[in-house]
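Accompanying notes for the structure given below.
All of the numbers you see were taken from the coordinates with simple rules; none came from a lab. Just so you know, these numbers come straight off a predicted model, no measurement behind them. Methodologically, a virtual Cβ is constructed for each residue, glycine included, from the backbone with ideal geometry; neighbour enumeration extends over all protein chains shown.
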Amino acid sequence: MSKPLHQFILFLLLSFALSPSIRVMGRGVALTVVVDDEYDRYKKRGDDFFKEGKYFDARRQYQNCLEVPGFENDAYAKEQIAECTTGLALRQQADDAIQKNQGQEAIKLFGQLLNLNPDDAITKAQLADYYERIGNQLFNQKRYLEAKTDYTEAIKYATATKKETLVIQTRTIDDILFPKPSKRIGLKLLTGVVAVGAGAYAYVLRNDYHSKMDALNQISQTSDPTGSGIIDNPDTYRQYNEAYNAAQAAQQKNGLFKACIGIAAVATIAEIYLLVHKPKPRTTSLQWKPSSQSWGLAISYTF
């Protein structure tokens, strides 16, 4: 037989001999896939709990990963179990510090938790609650700027719903520290300006009329001392005529003068009324204010 034929026959024999092993290996691969699915299921649950900051539940899932055949020494699961144990210890220490009113120590421990797990939702909620509670206490002590600082810190860690409440609280402080002028104050200013302006213009009109009449009387006595009504000098007559026309024009503004007097009087009366009569408080109202004994806003209803 030729050499190529020998090689072909040898290849067929080897293929037949190795085919059972290949089938076994195939079954082994399929079995490994099933085991991987079980491990991945525990791992995913553990990662989800870890992200939420639920370290006790997460640690249990990672321990389940180690019980899967073939993963007894899995490095990832062991590392996460250690992380969860550290997280549980830090949270307990932070809770103890809060109970002892050791705020700065608690904040430091919360910071270590976030360094361990930046996605820790529970720790973020605890920080938001802590800063809000301190802000409420400062607000009720009327230390508004300090309270706003704590509310602003709380916003960094708060959920979307809590952020809305905190924004309301910061706006309340802004309204207290930087109040907007009320419409009543604006009305007072307006009536005062109208009263002063109308009175001043009326004074100008009356003063102008008197000065024009004084000038006319003076030139009349000079040009016609006897009162005959005859002025022979053309220059003197021209001066008299100009003075007469000016006095007549000033007299024609008498109606405007009276109107200004009336406007000034009404505006003055309105100004006095606004100064004397203060608005009465509403009989019923809803008021939002921070609660010093709890988190969030307290609602009060006054009669």
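Tabulated data
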| quantity | calculated |
| --- | --- |
| Potential extension, residue 161-residue 176 segment - 0.36 nm per residue separation minus Cα distance | 3.0 nm |
| Potential lengthening between residue 63 and residue 47 on full extension [0.36 nm per residue; Cα-Cα distance subtracted] | 4.5 nm |
| Those residues of the stretch 189-223 whose amide nitrogen sits under 15 Å from the label point placed on residue 272, 7 Å along Cα→Cβ | 192, 195-196 |
| Simple spin-label estimate for residue 99 and residue 239 in nanometres, 7 Å along Cα-Cβ | 10.7 nm |
| Sorted peptide list for 250-262, 109-121, 128-140, criterion being average Cβ within 10 angstrom, highest first | 128-140, 109-121, 250-262 |
| Efficiency of FRET from Cβ geometry, residue 36 and residue 79, R₀ 22 Å, rounded to 0.05 | 0.70 |
| Percentage of interatomic Cα-Cα distances in the stretch 117-221 larger than 25 Å | 56 percent |
| Spherically averaged projected area of the stretch 123-179 from its Cα convex hull (nm²) | 3.3 nm² |
